[in-house]
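The values are calculated or read from the model by the stated rules, or taken from the named source; none is laboratory data. These numbers come from a predicted model, not from an experiment. Please note: Cβ atoms are built from the backbone with ideal geometry, for glycine as well, and neighbour counts cover all protein chains shown. Side chains are part of the model used for accessible areas, which takes the heavy atoms of the whole protein and leaves out ligands, DNA and RNA. Shrake-Rupley method; radii C 1.70, N 1.55, O 1.52, S 1.80 Å.
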Amino acid sequence: MKQISLPKISTRSSLWLLVPLVFTPHFAHAYLDPNTGSYAIQIAVGALFGAAYGFRTFSARVVSWFKGTRKKKNPDA
Amino acid sequence: MPERPVLPHPASFRDPSGYIFTQQGSIFRAVSKSYQSEYDLLMSSNLYVHLIEQNVLIPHQEVSTPTVRDAYKVLKPEMVQFISYPYEWSFSQLKDAALTTLEIQTQALNHGMSLKDASAYNIQFHNGTPTLIDTLSFESYKEGQPWVAYRQFCQHFLAPLALMAHVDLRLGTLSAKYIDGVPLDLAVSLLPGKTKFSLGLGTHIHLHARSQHKYADTSLKSTPKGQLHKNQLNGLLLSLRSSISALTLPKQKTEWGNYYDNTNYTDNSRTIKEKTVREWITAQKPKTVWDAGANDGTFSRLASAQGIFTVASDIDPLAVERSYQHNKQSGERLLLPLIIDLTNPSPAIGWRNTERDSFLKRGQHDLTLALALIHHLAIANNLPLEHIADFFHSQTKNLIIEFVPKEDSNTQRLLSAREDIFPNYTVEGFEKAFSTHFTTKKRLKIKDSSRILYLLESKP
């Protein structure tokens, strides 16, 4: 298996999003247009995952900036 | 070469971007003129080179022949040794295929493109690792557009993996029933309630299924409005990757998972068996080998270690999982472990039953190994010896088979709870049944054991 470049995500604070699932009944119907629903859910949760991604990216940049600074200070290290 | 029409492969009809066809034993992919700009972008954006360097996309050459009408290009991709399907993969094989698909989509986005398909059938194990074989799966990325293949990814990868991890490992075979992946509402009805509280599974399966249900209502006038920006799409991919990575193999004990810890062989007789099988394989010089009851692939590796591509199939998903894990640790490239029930091998499925070939149609092997297998077929499954001989004759040129007589304790165990209705299950009965289809080239009674090894050659 090749190395995957994506970092891990953990957004526990956003579990409230799933609360409605617990209190609503199951269903079992054939669907006619599953893709429309698949588009809709992406748009609905996009802000959440986008924020998590932005935070990750920002954190990684901060970490690499500090590492880069330290390298400059100690070029022989 | 004069122009002549070519026939697309029966499974190659869904995507107007191009089609697969075979000619003179080689496989080609025709690129439609309508796909010209997308194909050019794949090549000019450096995405193709990048994915080839990562070994996640099948390499191809552009060829001028054979001539195909109305095609922008004709590609000749590298041949995959053996086509396998997701319902034949172990848990980790499907998981690695899923992670590879996400990695490809991430790289595609970085190069201004996106996967328009996330079908598990587009991934094949090539040189031991999951590889995308559909070069025409890419389209230019349009800012704001949701991932068109999101539903397919969840149905083909996430749902079956979640079911295998949270319900039962054997539910991986559910994909054979649903060619476009496990319906999410079905996954919801099978998954335990606790999965609703998982951010990944709760969103990508439970909420996703609910959203599908909502928009399936034909009386609903509204359509989803809004856009999914690139960062949001990257976040979605990140979440999918985390969800897949978090799924682990359930702690299940299967029948044959620890088979080699409990065999009837002494160290000496086992060594003799290994040495004999290795020598017989070497002498046959096969190009391909099929180990028909491979367990964790211990004996299959006697072939792959000689540079021979080997399909190592077994009925037990945990044994196949162990085989795949061994492959990953050792960097094995020539051994393909697959979950196959010999008494009910994968059927042909899809449109007109021609989209996905049956397991038996996909393989004609130079040499087949059937070691410590025949008593399971004949005694546990009531298969007459003549039928077993006829079956192997239809699949292989040569056969190394081990006869496990009734006095063997493993056969005794199979007979312990049932009436012995197998008067012909004897050495003589075995040799008579197989002599109809095979010529015996070698025969060896294994020392310190009641078992006999045969090297058989198929009669014309």
- request: Determine whether the stretch B:293-313 contains at least one residue that is part of a loop (DSSP other than H, G, I, E, B), in the same structural domain as B:Lys397 (by TED's automatic domain parsing), more than 23 Å from B:Ile388 (Cα to Cα) and among the basic types (Lys, Arg).
  value: no
message: Please go through the stretch B:330-341 and give me each residue that is within 15 Å of the chain's Cα centre (by Cα) and either part of a loop (DSSP other than H, G, I, E, B) or among the basic types (Lys, Arg) (or both), ordered by number.
response: B:Arg333, B:Leu334, B:Ile340, B:Asp341
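Among the residues of the stretch B:51-66, count how many are crowded, with 18+ Cβ neighbours inside 10 Å and part of a loop (DSSP other than H, G, I, E, B). Let's see the steps before the verdict.
Quick first cut of the stretch B:51-66, residues crowded, with 18+ Cβ neighbours inside 10 Å only: B:51, B:56-58, B:60, B:66.
If we keep only those that are part of a loop (DSSP other than H, G, I, E, B) too, we end up with B:56, B:58, B:66.
Residues in the stretch B:51-66 being crowded, with 18+ Cβ neighbours inside 10 Å and part of a loop (DSSP other than H, G, I, E, B): 3 in total.
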field: Check on B:Thr101, out of contact with any Lys or Arg (no Cβ under 9 Å at 6 or more places or on another chain), within 22 Å of B:Val148 (Cβ to Cβ) and not aliphatic (A, V, I, L, M)
entry: yes
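Test B:Ala312 against the stated conditions and say whether it is open to solvent by less than 10 Å² (accessible area, probe 1.4 Å), free of Cβ contacts under 8 Å to residues at least 40 places away in the same chain and in contact with a helix residue (DSSP H, G or I) (Cβ under 8 Å, 6 or more places away or on another chain).
Considered against the rule, which asks whether it is open to solvent by less than 10 Å² (accessible area, probe 1.4 Å), free of Cβ contacts under 8 Å to residues at least 40 places away in the same chain and in contact with a helix residue (DSSP H, G or I) (Cβ under 8 Å, 6 or more places away or on another chain), B:Ala312 comes out as yes.
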- prompt: Which residues, taken from the stretch B:413-451, are assigned to a helix (DSSP H, G or I), over 34 Å from the mean Cα position of the chain (by Cα), surrounded by fewer than 15 Cβ atoms within 10 Å (Cβ to Cβ) and not acidic (Asp, Glu)?
  reply: B:Val427, B:Lys432
- prompt: Applying the selection to the stretch B:211-235, what residues are farther than 23 Å from A:Ala52 by Cα and either at pLDDT 95 or above or not in a helix (DSSP H, G or I) (or both)?
  reply: B:Ala216, B:Asp217, B:Thr218, B:Ser219, B:Leu220, B:Lys221, B:Ser222, B:Thr223
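To keep it simple, each residue is scored yes or no on (1) on the phi > 0 side of the Ramachandran plot; (2) more than 11 Å from every other protein chain (Cβ to nearest Cβ); (3) surrounded by fewer than 17 Cβ atoms within 10 Å (Cβ to Cβ); (4) touching a residue at least 12 places away in the same chain (Cβ under 8 Å).
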{"site": "B:Thr135", "(1), (2), (3), (4)": "no, yes, no, yes"}
{"site": "B:Ser140", "(1), (2), (3), (4)": "no, yes, yes, yes"}
{"site": "B:Glu143", "(1), (2), (3), (4)": "no, yes, yes, yes"}
{"site": "B:Phe157", "(1), (2), (3), (4)": "no, yes, no, yes"}
{"site": "B:Asp168", "(1), (2), (3), (4)": "no, yes, yes, yes"}
{"site": "B:Ser175", "(1), (2), (3), (4)": "no, yes, no, yes"}
{"site": "B:Asp185", "(1), (2), (3), (4)": "no, no, no, yes"}
{"site": "B:Val188", "(1), (2), (3), (4)": "no, no, no, yes"}
{"site": "B:Gly193", "(1), (2), (3), (4)": "no, no, yes, no"}
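Scan B:Asn327, B:Asn410, B:Asn398 and give me the residue that is outside any loop (DSSP other than H, G, I, E, B), under 29 Å from B:Thr440 (Cβ atoms) and modelled with pLDDT of 95 or more.
B:Asn398
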task: Only one of these is buried (at least 20 other Cβ atoms within 10 Å of the Cβ) and at pLDDT below 95: B:Leu385, B:Leu318. Name it.
output: B:Leu318
- prompt: Would you pick out the residues in the stretch B:125-160 that are of a type in the set (Gly, Ala, Ser) and touching a Lys or Arg at 6+ places or on another chain (Cβ under 8 Å)?
  reply: B:Gly128, B:Ser137, B:Ala149
task: For the stretch B:49-87, name all the residues that are touching a Pro at 6+ places or on another chain (Cβ under 9 Å) and farther than 26 Å from B:Arg362 by Cβ.
output: B:Thr67, B:Arg69
field: One residue from B:Gln93, B:Gln81 being in contact with a strand residue (DSSP E or B) (Cβ under 9 Å, 6 or more places away or on another chain), in a helix (DSSP H, G or I), closer than 29 Å to B:Arg170 by Cα and not charged (D, E, K, R)
entry: B:Gln93
- prompt: Quick one: is B:Ile400 assigned by TED's automatic domain parsing to the domain that holds B:Asp291, open to solvent by less than 20 Å² (accessible area, probe 1.4 Å), under 14 Å from B:Gly293 (Cβ atoms) and touching a residue at least 60 places away in the same chain (Cβ under 8 Å)?
  reply: yes
- prompt: If we keep just the residues of the stretch B:347-378 that are of a type in the set (Gly, Ala, Ser) and over 11 Å from B:Phe392 (Cα atoms), which is surrounded by the most Cβ atoms within 10 Å (Cβ to Cβ)?
  reply: B:Ala378
query: When the stretch B:317-337 is examined, which residues are found to be in contact (Cβ under 8 Å) with a residue 40 or more places away in the chain, within 14 Å of chain A (Cβ to nearest Cβ) and more than 17 Å from B:Arg170 (Cβ to Cβ)?
result: B:Gln325, B:Asn327, B:Lys328, B:Gly331, B:Glu332, B:Arg333
query: In the set B:Tyr19, B:Tyr35, B:Tyr48, B:Tyr72, which member is assigned to a helix (DSSP H, G or I) and either open to solvent by 20 Å² or more (accessible area, probe 1.4 Å) or under 26 Å from B:Thr129 (Cα atoms) (or both)?
result: B:Tyr48
